[in-house]
Amino acid sequence: MSAGSGAPLRVAVVGVGHLGRHHARILSRLDGVTLVGVADIDETRAEAVGGSVSAPWTADAAALVGAVDAVTIAVPTESHLQVALPFLERGVAVLVEKPLARTVADADAMIAAAASSGAVLGVGHTERFNPAVAVARPLISSPRFIEVHRLGTFPGRSLDIDVVFDLMIHDLDVVLSIVDSEVAAIDAVGVPVLTGRTDIANARVHFASGCIANFTASRISRDQIRKIRFFQRDAYLSVDYAAQQVEQWRLVRHDAGEPRIEGGRLEVGREEPLQREMVDFVAAARDRRTPGVSGADGRRALVVAERISAAMGERR
């Protein structure tokens, strides 16, 4: 994979925990990119990850401002605005891991800073770059019902946010990018089981078009499931994010005889979604274009996530 041509893009990673270390791994190997540093408030972790990718390390993210063309941010959600703003104000391209911000107000501040300086702002909704989603997307037409299950074992991380902002928001972003309609109503319920925040949640989102999407997200399950299914007139599509598999079944009508159900598994070229996302971000930073998932996209998913949390609060 090539990130493009020209002078190497100077990129850094802020926050090299569970996900940020993979940002560093991928960026250190991309053509046209120089990983100029990694930053983490945990000096031991910063040094270890920096050493693994042969990049300088620091415990002070501010030290990177002015020394980079682009930066990816994978710190706890509550710190997204504080860490991203100095870079955005300097016109540095920024990719912020999902959710974009702690609140919509924080997201608006980041979007405004990017608009003022001309900085590229992207959001790490990695499932948009899943090859299975890319294969399924052209086949989805005016779905009437969408069923989503994202179940995982207890992670012991990202506990500063509840399961809606930690896991469900992935699927909110995917669905909102496909269903071209405003959200009309939301019914939701959530339960805090192992933490003080919601660990399992279900949301039924009604769109003005009549489409209904049912989301279930859990971080306390024994099994790991990441699937989304689309039901539309005369067709059904199933996407397994984890296995990167797509199945399509269609009702085929013939001039003579009874209609038949035809379909099966579609061909999907396996790729690492995070690498696809990093390549897109680097290209967007270099070309000064909107990335695959923009700040506005991240804000839209955040708005719906907040509405779901509010609906859950009303039911408690």
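The values are calculated or read from the model by the stated rules, or taken from the named source; none is laboratory data. Everything numeric here is computed off the predicted structure, so don't read it as measured data. In this analysis, Cβ positions are derived from the backbone assuming ideal geometry, glycine residues included, and neighbour counts consider all displayed protein chains.
Things worth noting here:
- Complete set of residues in the stretch 216-271 that are under 21 Å from F145 (Cα atoms), in contact with a Pro (Cβ under 7 Å, 6 or more places away or on another chain) and touching a residue at least 40 places away in the same chain (Cβ under 8 Å): F230, F231, Q232
- Among the residues of the stretch 134-156, those that are on the phi < 0 side of the Ramachandran plot, among the small types (G, A, S) and in contact (Cβ under 8 Å) with a residue 12 or more places away in the chain comprise A136, S141, G152.
- Taking the stretch 134-242 and the strands (runs of 3 or more DSSP E) fully enclosed by it, the elements with 1 or more residues that are under 19 Å from the mean Cα position of the chain (by Cα) and closer than 27 Å to E272 by Cβ are at 145-151, 212-218, 225-232, 235-240.
- Here the stretch 8-32 is the region considered, the condition is being part of a helix (DSSP H, G or I) and of a type in the set (D, E, K, R), and the residue that is surrounded by the most Cβ atoms within 10 Å (Cβ to Cβ) is R21.
- Taken together, the residues in the stretch 221-234 that are aliphatic (A, V, I, L, M) and surrounded by 17 or more Cβ atoms within 10 Å (Cβ to Cβ) amount to 1.
- Condition met for S54 (on the phi > 0 side of the Ramachandran plot and either crowded, with 21+ Cβ neighbours inside 10 Å or of a type in the set (S, T, N, Q) (or both)): yes
- Applying the set (1) modelled with pLDDT of 95 or more; (2) part of a strand (DSSP E or B); (3) exposed (fewer than 12 other Cβ atoms within 10 Å of the Cβ) to G269 leaves exactly one unmet item: (2).
Okay, residues lined up against (1) within 21 Å of A242 (Cβ to Cβ); (2) in contact with a His (Cβ under 6 Å, 6 or more places away or on another chain); (3) basic (K, R); (4) surrounded by 15 or more Cβ atoms within 10 Å (Cβ to Cβ):
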{"position": "P155", "(1), (2), (3), (4)": "yes, no, no, no"}
{"position": "D166", "(1), (2), (3), (4)": "yes, no, no, yes"}
{"position": "V179", "(1), (2), (3), (4)": "no, no, no, yes"}
{"position": "G190", "(1), (2), (3), (4)": "no, no, no, yes"}
{"position": "G196", "(1), (2), (3), (4)": "no, no, no, no"}
{"position": "S218", "(1), (2), (3), (4)": "yes, no, no, yes"}
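- Residue selected from the stretch 53-83 under the condition in a loop (DSSP other than H, G, I, E, B) and free of Cβ contacts under 8 Å to residues at least 24 places away in the same chain, by the criterion nearest to L30 (Cα to Cα): P56
- Residue within the stretch 287-296 that is without any contact (Cβ under 8 Å) to a residue 40 or more places away in the chain, assigned to a helix (DSSP H, G or I) and under 22 Å from I186 (Cβ atoms) present: no
- Within the stretch 84-133, being outside any helix (DSSP H, G or I), surrounded by fewer than 22 Cβ atoms within 10 Å (Cβ to Cβ) and free of Cβ contacts under 8 Å to residues at least 60 places away in the same chain holds for R90, G91, R102.
- Hey, V94 more than 25 Å from Y241 (Cβ to Cβ) and out of contact with any Pro (no Cβ under 6 Å at 6 or more places or on another chain) or not: yes
- Residues that are buried (at least 19 other Cβ atoms within 10 Å of the Cβ), in contact with a strand residue (DSSP E or B) (Cβ under 7 Å, 6 or more places away or on another chain) and either on the phi > 0 side of the Ramachandran plot or not aliphatic (A, V, I, L, M) (or both) within the stretch 33-51 comprise G37, G50, listed in sequence order.
- Test result for S177, modelled with pLDDT of 95 or more, farther than 22 Å from V33 by Cα and outside the structural domain of A235 (by TED's automatic domain parsing): no
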